[in-house]
Amino acid sequence: DTEVTQTPKHLVMGMTNKKSLKCEQHMGHRAMYWYKQKAKKPPELMFVYSYEKLSINESVPSRFSPECPNSSLLNLHLHALQPEDSALYLCASSQVGGNPSEQYFGPGTRLTVT
Amino acid sequence: GNSVTQMEGPVTLSEEAFLTINCTYTATGYPSLFWYVQYPGEGLQLLLKATKADDKGSNKGFEATYRKETTSFHLEKGSVQVSDSAVYFCALCNTNAGKSTFGDGTTLTVKP
């Protein structure tokens with residue numbers, strides 16, 4: 001199984017809502033990532049978890065809160081978002097150890113903040 | 001710091017034409033280099049990779065060679081198809097489970 005799954009596929013939320021994005025992989029990867037991608041731009045790294053511990057936070061606003069409950073799951077909790085947070089949110093995973101390895105990306109969650 | 005510069009798009013080709021998308025990089029140490037492809041409405045997929053100088057990555061008719069002397073990793077395909085229409089990202093990473101640096105992406109459209 002070389003798949004990263006993400007739910008939901010689409011999400012529309014108001015600025016006062018709380019919602020969560022979910023990501024799952026069963027490849028035994030111990031690094032997991034959240035990216036934000038705006039239209040016609042490359043993905044921007046938000047967070048990296050390595051062995052279920054947060055290892056990189058790219059100065060992301062606190063209205064985004066990541067969680068890694070186990071080695072297969074990664075969540076992104078959203079609260080009090082702004083319209084400019086509307087984007088495609090991508091989850092990825094990779095092996096840890098050896099040469100820097102490729103990342104496996106999920107299909108993304110298309111988020112619209114109204 | 002690390003950076004990746006990709007050939008600006010969009011690129012429009014006829015079916016069966018030769019494709020080159022240029023990619024040059026600046027990095028500390030010995031990064032691994034990647035080409036990812038993103039089809040409309042989807043996430044990124046690894047197209048090919050190379051982990052050391054002079055390595056050639058290849059997949060689905062695409063090739064790229066890791067050239068340390070010119071700090072380049074140009075993507076080539078001898079005969080493109082309509083189904084190759086997508087956005088192509090060059091990327092590097094020099095620490096495991098670390099931050100990857102992506103180029104701005106090149107949009108390829110192949111016309112029948």
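For this structure, a couple of remarks:
- Single residue of region B:33-43 satisfying the filter (modelled with pLDDT of 95 or more and at the interface with another protein chain (Cβ under 9 Å from one of its Cβ atoms)) that is surrounded by the fewest Cβ atoms within 10 Å (Cβ to Cβ): B:Q38
- Residues in region A:38-65 that are part of a strand (DSSP E or B), small (G, A, S) and within 21 Å of A:R110 (Cβ to Cβ): A:S65 alone.
- Filter result for A:M27 (of a type outside the set (K, R), outside any strand (DSSP E or B) and within 17 Å of A:Y104 (Cβ to Cβ)): yes
- If only residues of region A:87-106 that are buried (at least 19 other Cβ atoms within 10 Å of the Cβ) and assigned to a loop (DSSP other than H, G, I, E, B) are counted, the one that is modelled with the lowest pLDDT is A:P100.
- Any hit, region B:47-67, residues being under 22 Å from A:V48 (Cβ atoms) and within 11 Å of another protein chain (Cβ to nearest Cβ): yes
- Number of the condition not met by B:E15 [criteria: (1) over 25 Å from A:K9 (Cβ atoms); (2) out of contact with any helix residue (DSSP H, G or I) (no Cβ under 7 Å at 6 or more places or on another chain)]: (2)
- Which numbered condition B:V80 fails, given (1) farther than 12 Å from B:W35 by Cβ; (2) at pLDDT 95 or above; (3) crowded, with 20+ Cβ neighbours inside 10 Å; (4) within 14 Å of chain A (Cβ to nearest Cβ): (4)
- Those residues of region A:71-80 which are under 22 Å from A:Y104 (Cβ atoms) and at pLDDT 95 or above, in sequence order: A:S72, A:L73, A:L74, A:N75, A:L76
- Filtering A:L21, A:L11, A:L45, A:L74 for residues that are more than 17 Å from A:A92 (Cα to Cα) and surrounded by 13 or more Cβ atoms within 10 Å (Cβ to Cβ) leaves a single hit, A:L11.
- Taking residues in region B:52-81 that are touching a residue at least 12 places away in the same chain (Cβ under 8 Å) and acidic (D, E), and partners anywhere that are exposed (fewer than 14 other Cβ atoms within 10 Å of the Cβ) and not in a strand (DSSP E or B), the pairs with Cβ atoms closer than 8 Å and at least 6 places apart or on different chains are B:D54/B:K68; B:E76/B:F18.
The values are calculated or read from the model by the stated rules, or taken from the named source; none is laboratory data. Source: prediction; values computed, not measured. Don't worry about glycine lacking a Cβ; one is built from the backbone with ideal geometry, like all the others, and counts go over all protein chains shown.
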